[in-house]
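First up is the structure itself, then whatever we jot down about it.
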Amino acid sequence: MTRAVVGRRRTVLVVLGVLAIAAAVVVGQLAHRAVVAGETDVAARDGAAAAAALTPVLLGYDWRTVDADAERIDSVTTGPFAAQNHAIVAGLVVPAAVDGHATSSATVSRVGVVTATPDHVETVVLYTQTTGREGDPAPRRDARSARVVLEPGGDGRWLIAGFDAL
Amino acid sequence: MPRPGRPRGAALLLTALLAALVVAGVVLGVVDARAAARGADEATAVDAVRTHLTELVAAPSSSTARTQALDGATGAWRARLEQGGVPAASSVVVRAVGLESLDGDTARVVAAARLDDGSGQRAWRVDAALVRQDGRWLVDDLAEVP
């Protein structure tokens, strides 16, 4: 074998190696994007389902069971919002519920996904809130909407990380 | 002394690897393009509803807005609009719009807005059904969620 042939084969090997490395980089990036897209789809679906299931828990209490209700509310929140909401529930909602013999419940009618990433889903939730207190002639029903943010908690369950009435 | 079998074997191996990577790249490229198209579809459908709600409320006082509202509608909803079926309000603030579902050429979107009728504001909660026609998302039905 001549030196020229050996040199040509080495060149071919180098070119193939460079192309393979470049292709591997592109494939790696595309694979990562495909994984993120799949995770985003799952997050949007699971986040919307969690918004529908957890909004009634977040807004529901009965003065006769308000301490247990407050614990249940804490169990569906996460992140900085959990501490903020706990302070509001413990400092305002529980005393007011006990004093006024008040109840609250919510029924979710529709949920739409505003934005979604694998670990953060923002939804718009349309719900009806029914509230009552001692002395009221009848419970009050209000059609409401809220922006509900969800993030995975420590155990991977989607939990409420933000709630803003609209 | 050079051994001719090794470079040839390495070249074959690299060629096979490159071919596999190209095939994987094509497959993943198609997956990526579909995901990007779906993301764009979702954003466009949501924007179509946001724009339509604004045009709808402006329609009674603006012929341009009325034309645009009709242009963004189709089917039974367009027929209702042509007969003047718009909410009585002077302005609207669309607070949030979210996608409920998207399947091929149909989508369902919900929106939370506030209508100002001059004497005060009220919540306006909307459920919109959309269809894709000629590459555009058009409102096919729109109803207030009670």
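For region A:118-129, backbone phi angles converted through the Karplus equation (6.51, -1.76, 1.60; θ = phi - 60°) give residue-by-residue couplings of x, 10, 7, 10, 10, 10, 10, 10, 9, 8, 10, 9 Hz, Gly and Pro being listed as x. About its Cα centre, the dipole of chain B is roughly 900 debye, where the only charges are +1 on Lys and Arg Cβ and -1 on Asp and Glu Cβ.
Take each residue of peptide B:91-99, count the partner chain Cβ atoms within 10 Å of its Cβ, and average: the result is 6.
Separation of region A:93-166 from region A:41-56 is 13 Å, based on Cα centroids. Per-residue 3J(HN,Hα) values for region B:32-45, derived from phi via the Karplus relation 6.51 cos²θ - 1.76 cosθ + 1.60 with θ = phi - 60°, read 5, 5, 5, 5, 5, 5, 5, x, 5, 4, 4, 5, 5, 5 Hz in sequence order (x marks Gly and Pro).
Is the C-alpha gyration tensor of the protein assembly as shown telling us rounded, prolate or oblate? Criteria: a/c under 1.5 is rounded; beyond that, a/b larger than b/c is prolate, otherwise oblate. Because a/c hits 1.5 or more and a/b fails to exceed b/c, the protein assembly as shown counts as oblate. Checking the a/c ratio against 1.5 first, then a/b against b/c, what shape does the Cα gyration tensor give for region A:3-165? It comes out prolate by the Cα gyration axes. Classification of chain B by its C-alpha gyration tensor yields a prolate form. The axis ratio a/c (a ≥ b ≥ c) is 1.5 or more, and a/b outweighs b/c. For chain A, averaging the sequence separation of C-alpha pairs within contact (under 8 Å, six or more residues apart) and dividing by the residue count gives a relative contact order of 22 percent.
Each reported figure results from applying straightforward, stated rules to the coordinates on display, with no laboratory input. This structure is a prediction, so every number in the text was calculated from the model and none was measured. Backbone-built Cβ (ideal geometry, glycine too); neighbour counts: all protein chains shown.
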